[in-house]
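Chemist: Quick one: structure below, then a few questions.
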């Protein structure tokens, strides 16, 4: 996704939980989000007894700072659009009816004749090249942690609890 030559814009209009939270951070150059009670970001990894994936262990502290990232990951609370904007997780919170028209206008500004596509491509490449090795290493570490956690009681309990629509009872095993 980082080799894609054109800017990628994400519009979040609904729940973005777990990997749905991570993918826009990892893949999109610009992120816009509907500001309404039905739309929020959720880091539910802790509730499923697993670690973040898709490089979020690196990306989240990069976006919000180390201490805030730990708080967000450890508690897994909902993050609504205004808070996401304040934290720097998204570019802008918009009323739901304005989200897609705004995103379309932004996209039009990035394509010829209004946007210099070669310059944008090289800007993106220059910024992303710095992070490639860090992300690769982070993905390896996250995958190793997930391999360990998938064998645990807590992971099995979280899956069972999810299927039974109840809170999990973790044992730290």
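Chemist: Quick one: if you stick a label point 7 Å off each Cα along the C-beta vector at residue 38 and residue 146, how many nm between them?
Modeler: Each label point is offset 7 Å from its Cα along the Cβ direction, giving 3.0 nm.
Chemist: Let me ask something else about it. For the chain, what's the relative contact order in percent, using C-alpha pairs closer than 8 Å and at least 6 residues apart?
Modeler: 25
Chemist: Among (1) 49, 34, 32; (2) 40, 36, 29; (3) 59, 38, 27, only one was calculated for this model; which label is it, if the read-out is Cα extents along the principal axes in Å?
Modeler: Matching entry in (1) 49, 34, 32; (2) 40, 36, 29; (3) 59, 38, 27: (3).
Chemist: Turning to a different aspect of this structure: Can you tell which of 78, 160, 141 shows the greatest fluctuation in a Gaussian network model of the chain with Cα springs below 10 Å?
Modeler: 160
Chemist: Moving on to the next point. 222 nm [θ] for the chain, helices only, -39500 (n - 2.57) per DSSP H run of 4+, per residue, to 500?
Modeler: That comes out to -17500 deg cm²/dmol.
Chemist: Here is a further query. What FRET efficiency, computed as 1/(1 + (r/R0)^6) with R0 = 25 Å and r the Cβ-Cβ distance, is obtained for residue 4 and residue 109, rounded to the nearest 0.05?
Modeler: According to the calculation, E is roughly 0.90.
Chemist: Angle, helix 96-110 long axis vs. longest principal axis of the chain, Cα atoms, 0 to 90°, nearest 10?
Modeler: Its long axis makes an angle of about 50 degrees.
Chemist: Hey, another quick one. Between 61, 101, 24, where does the largest GNM mean-square fluctuation fall for the chain, given springs only between Cα atoms within less than 10 Å?
Modeler: 101
Where a number appears in this text, it was derived from the coordinates with a stated rule and is not lab data. Because the structure is predicted, anything quoted here is derived from the model rather than measured. For neighbour counting, all protein chains shown are included, and Cβ atoms are generated from backbone atoms with ideal geometry for every residue, glycine included.
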